[in-house]
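Please read the structure below before turning to the comments.
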Amino acid sequence: MTDLSTFPITRRWPAEHPDRLQLYSLNTPNGVKVSIMLEEIGLPYEPHLVDIAKNETWTPEFLSLNPNGKIPAIVDPDGPGGKPMGLFESGAILLYLADKTGRLIPTDPCVRWQTIQWLFFQMAAIGPMFGQVGYFNRFAGKAIEDKRPLQRYLDESKRLLGVLEGRLEGREWMMGEYSIADVATLGWVRNLVTFYEARELVGFDALSNVPAWLERGLARPAVKRGLEIPKRP
Ligand SMILES: N[C@@H](CCC(=O)N[C@@H](CS)C(=O)NCC(=O)O)C(=O)O
C-alpha cells in the first residue's frame, strides 16, 4: 500500500485510497480545471474539499503542500519514477496530467507549444482579470463607490473575450481539437457571465464564437461532473 505519510497534508485530509491521485480543491474556476481534467482523462482520484471560506488553505497542513495557500493542489502517489509527488498551480497540474497520460495536449511540437501559450493566456490574463471583475462587481469591492477599478477590469475582460472570439473563429475549440487550453478557460468564462453577474457588462451576447464554445464545453459530461467536484459546502 502507498505511504503518503511524508505529506503533512494527509494528516488533515486523510487519504482513504492512497494509491489514487489526491486532489485538494474546491469547485471554483481554478479548482474545477483539475477536476474537469481528471474527469476527462478518467484517472482514478480522491477529491478532498478545502473550504476557502474557512481559511483552510492557510493551515500548516495545506501550506506544507502549497506555500502560496491556494487551491488546487495534488499529490500523485505515482509521480515521476513511480515516486509520490506534490504539485500546485492549476496550469502546472494540467500540463503534468496531460503529459502523464498523453491526453488533451497535441504531440506535434509546434501545436503543443501553442496549446501551452493559450494555457498561459488563461493563467496570466483571463483568470486574474475576470477574478477582479468578480471582486468589484459581485463581492466585497461592490461597495466601493469609485467605479474606476470595476470599469478597468470590465474593459480588459471585454478585450480578452474579443481575443478569444477571434481565436475561436472557424474553430470548435481553442486549438481546433479539445485541449487543456479549453479545460483551463471554460470555467472562468462561465463564472464571468453567471456567478460574477457580468454578462451584460462585458457585452457577452454580442459575441457569437465564445458563447457557442461555452455551450459546447458545458455540454461535455466530464465538464458537467468536474464543475461539481469538490462541491462547495
Ligand atoms: N494561480 C493559482 C490561483 C489559485 C487561486 O487563486 N485559488 C483561489 C480559489 S479560485 C484560492 O485558493 N483562494 C483562497 C484564498 O486566497 O484564501 C492557480 O491557478 O492554481
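Return the only residue of 23, 95 being touching a residue at least 60 places away in the same chain (Cβ under 8 Å), within 16 Å of the ligand (Cβ to nearest atom) and either touching a Gly at 6+ places or on another chain (Cβ under 8 Å) or not in a helix (DSSP H, G or I) (or both).
Only one candidate passes the filter, namely 23.
Say whether the condition of being β-branched (Val, Ile, Thr), under 25 Å from residue 222 (Cα atoms) and either within 15 Å of the ligand (Cβ to nearest atom) or in contact with a His (Cβ under 7 Å, 6 or more places away or on another chain) (or both) is met by at least one residue in the range 128-148.
First, pick out the residues of the range 128-148 that are β-branched (Val, Ile, Thr): 133, 144.
Going one step further and asking which of them are under 25 Å from residue 222 (Cα atoms), we end up with none.
Looking for residues that are β-branched (Val, Ile, Thr), under 25 Å from residue 222 (Cα atoms) and either within 15 Å of the ligand (Cβ to nearest atom) or in contact with a His (Cβ under 7 Å, 6 or more places away or on another chain) (or both), one finds none in the range 128-148, hence no.
Restricting 49, 4 to residues that are of a type in the set (A, V, I, L, M), modelled with pLDDT of 95 or more and away from the ligand (no atom under 16 Å from the Cβ) narrows the list to 4.
The numbered conditions (1) within 15 Å of the ligand (Cβ to nearest atom); (2) buried (at least 16 other Cβ atoms within 10 Å of the Cβ); (3) in a loop (DSSP other than H, G, I, E, B) are all true for residue 43 except (1).
Within 16 Å of the ligand (Cβ to nearest atom) and either farther than 25 Å from residue 189 by Cβ or modelled with pLDDT of 95 or more (or both) - does that describe any residue in the range 100-107? No. Are any of the residues in the range 108-120 exposed (fewer than 15 other Cβ atoms within 10 Å of the Cβ), of a type in the set (Asp, Glu) and either part of a helix (DSSP H, G or I) or modelled with pLDDT under 95 (or both)? No, every residue in the range 108-120 fails to be exposed (fewer than 15 other Cβ atoms within 10 Å of the Cβ), of a type in the set (Asp, Glu) and either part of a helix (DSSP H, G or I) or modelled with pLDDT under 95 (or both). Taken over the range 77-92, the criterion of being within 17 Å of residue 10 (Cβ to Cβ) and either part of a loop (DSSP other than H, G, I, E, B) or under 18 Å from the mean Cα position of the chain (by Cα) (or both) is satisfied by 77, 78, 79, 83, 84, 86, 87, 88. Tallying residues that are surrounded by 18 or more Cβ atoms within 10 Å (Cβ to Cβ), of a type in the set (Phe, Trp, Tyr) and outside any helix (DSSP H, G or I) within the range 184-222 yields 1. Can you pull out every residue in the range 147-183 that is acidic (Asp, Glu), part of a helix (DSSP H, G or I), in contact (Cβ under 8 Å) with a residue 24 or more places away in the chain and surrounded by fewer than 19 Cβ atoms within 10 Å (Cβ to Cβ)? Selection gives 156, 165. All but one of (1) over 17 Å from residue 229 (Cβ atoms); (2) surrounded by 23 or more Cβ atoms within 10 Å (Cβ to Cβ) hold for residue 66, so report the exception by its number. Unmet for residue 66, out of (1) over 17 Å from residue 229 (Cβ atoms); (2) surrounded by 23 or more Cβ atoms within 10 Å (Cβ to Cβ): (2).
The values are calculated or read from the model by the stated rules, or taken from the named source; none is laboratory data. Please read all numbers here as calculations on a predicted model, not as lab measurements. When we count neighbours, we look across all protein chains shown, and the Cβ atoms used for this are built from the backbone with ideal geometry, even at glycine.
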